[in-house]
1. Which FRET efficiency value, to the nearest 0.05, do you get for residue 105 and residue 149 by plugging their Cβ-Cβ distance into 1/(1 + (r/R0)^6) with R0 = 22 Å?
2. Using a 1.4 Å probe and counting only protein heavy atoms, arrange 385, 281, 363 so the residue with the most accessible area comes first.
3. Carbon and sulfur together cover what percent of the accessible area of the range 134-269 at a 1.4 Å probe radius?
4. When the Karplus curve 6.51 cos²θ - 1.76 cosθ + 1.60 is applied with θ = phi - 60°, which whole-Hz ³J(HN,Hα) does each residue of the range 364-369 get, with x for Gly and Pro?
5. Rank 140, 159, 208, 280 by accessible area, highest first, at a 1.4 Å probe radius?
6. Which of the pairs 90/402; 90/125; 90/180; 58/390; 62/99; 58/402 have their Cα atoms more than 22 Å apart in this structure?
7. Could you list which residues have their amide H under 5 Å from that of residue 289, counting only those 5 or more apart in sequence or on another chain, with H placed in the peptide plane?
8. Tabulate in residue order the Karplus-calculated ³J(HN,Hα) for the range 321-332, using 6.51 cos²θ - 1.76 cosθ + 1.60 with θ = phi - 60°, rounded to whole Hz; enter x for Gly and Pro.
Amino acid sequence: MAVSDPAPPLQILAREPEGFSIWTGPPFSNGQPGVKLEKVPCATSKFSEDGSKLMVIKPDLKICIYDCSSFSEIRSFEIPNVLAAAISPKGTYLQTFQKFSTPQDKNVVLWNIETGDPVYQLFQKGMSKTTWPSIQFSSDEAASCRLATNEIQFFDSGDFSKGFIYRLRIPGIAAAELSKSPGSYVAAFVPESKGIPASVQIFPCDKDLQTQPVARRNFFRCSTVQLSWNYGSNGLLAVAQSDVDKTNQSYYGESKLYYLTTDGAHEGLVSLRKEGPVHDVRWSSSGSEFAVVYGFMPAKATIFNKKCNPLFELGTGPYNTIRWNPKGNFLCLAGFGNLPGEMAFWDYVEKKLIGTAKAEWSVTSEWSPDGRYFMTATTAPRLQVDNGVKIFNHNGSLYFKKMYDKLYQAEWKPEAPERFCDIAELVQSIGSLKVEETKLQGKGSKSSQPKTTIPTVHKPAAYRPPHAKAAATVQAEDKFFSARRS
């Protein structure tokens, strides 16, 4: 992306008991975020995947849709006995699940947000992680399907009035995952039954190519599975979990990681170099490599390529979480939940540790869309005390901290990562500002980087990160970003 192209401003949604508000994201001009939208009463809020729409469920259960370019309400739905709602990736459709009285009640409704009209209705008895949302969409909404009894049903995403246009019969299927970018394949999980092993299979979404799976893996000792597609839809990771560890080494059961490719080149177990559970697995934004945190504590972290060969070791520590930034050039390796909150920030391009930090009691964590900041949040109802938000720079230094009496949600407004320049491009583009920095330092000026209430995190004493800069350089970057977004 050319530096002259406009980059969208970063924005953050924070939801408290009184409702949600929208902040202007970093860099902050006076050390504090501005308020884009004052508190709006709500019980639930969720952005569409592309960040164009925001779905809000009000305390009276009215569902409101906001246009995120202006944060103005564009549509509202009053649906009696609604229990859940979901918005499609591009904000075209709203999906609702209602309490039902009889099987004749079509309690799942797909609504067109622009017109406010229902476009498809069906009956669904229950709701779980594997069956909600009922209708799955690819990221571009070109492909859509739903899991039904012993089959997957496919739709024409441009005309739901046709109903499902064809079905794929898979006896015993318990979970399905449509690939997102593009929506060209669907993965199906069938649990083991009566001595027959469990299986994960991959089928094309094209009806004419569905006679046989393009990849399949069978395995025993599996009660649930977590399916994760890469960008490009040619690689699938499957974490198979059993409720009981027959080796008696883990109270939480046993887990294995499998890797399948749509060309059939790989349909096997990922060779992990330490015994123990699979804590987390994440694809990079390019879809060319994936990172895994695994093993009994201290856990080990390894990055693999698409051929399932180990590329790089991130070492061991009290970790159970890994997050790639949207550009794929930085990673955060962390230990949240019942672990002490230690974080290690890595430059994947340079293959170097660039900083460490700590964020105790974090419930959620995610990189900003531009890949420069990492936000952690301690939220209710998971934790009722010490609620708050912390924002770190890409090298682990603390940028901002805010505490709340009670916080339910904190998340970045989604944006396409390609709309932002890389940090390396930024450094090159502000070369002229560095001249000014040198002059300021010669006069003994001090940094005006926002103050925080806890000290900046520790960095390894013998290592100077490749992106380490004087405080005035960080200030110059912030000025540059602010100028580009205004």
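The values are calculated or read from the model by the stated rules, or taken from the named source; none is laboratory data. Just so it is clear, the model here is predicted, and its values are computed rather than measured. In this analysis, Cβ positions are derived from the backbone assuming ideal geometry, glycine residues included, and neighbour counts consider all displayed protein chains. Remember, those area values only see protein heavy atoms, side chains included, never the ligands or the DNA or RNA. Shrake-Rupley method; radii C 1.70, N 1.55, O 1.52, S 1.80 Å.
1. Details: r = 18 Å, r/R0 = 0.81.
Here the calculated transfer efficiency is 0.80.
2. Details: 385 100, 281 10, 363 45 Å².
Solvent-accessible surface, decreasing: 385, 363, 281.
3. Numbers: 3080 of 6340 Å².
Of all accessible area on the range 134-269, carbon and sulfur atoms account for 49 percent.
4. Karplus values, whole Hz, x for Gly and Pro: 10, 7, 6, 6, 6, x.
5. On the way: 140 80, 159 55, 208 130, 280 20 Å².
My answer, sorted largest first, is 208, 140, 159, 280.
6. Values: 90/402 31 Å; 90/125 27 Å; 90/180 12 Å; 58/390 27 Å; 62/99 15 Å; 58/402 25 Å.
Over 22 Å Cα-Cα: 90/402; 90/125; 58/390; 58/402.
7. 284
8. Computed from phi, the couplings for the range 321-332 are 9, 9, 9, 7, 7, x, 8, x, 9, 10, 10, 10 Hz.
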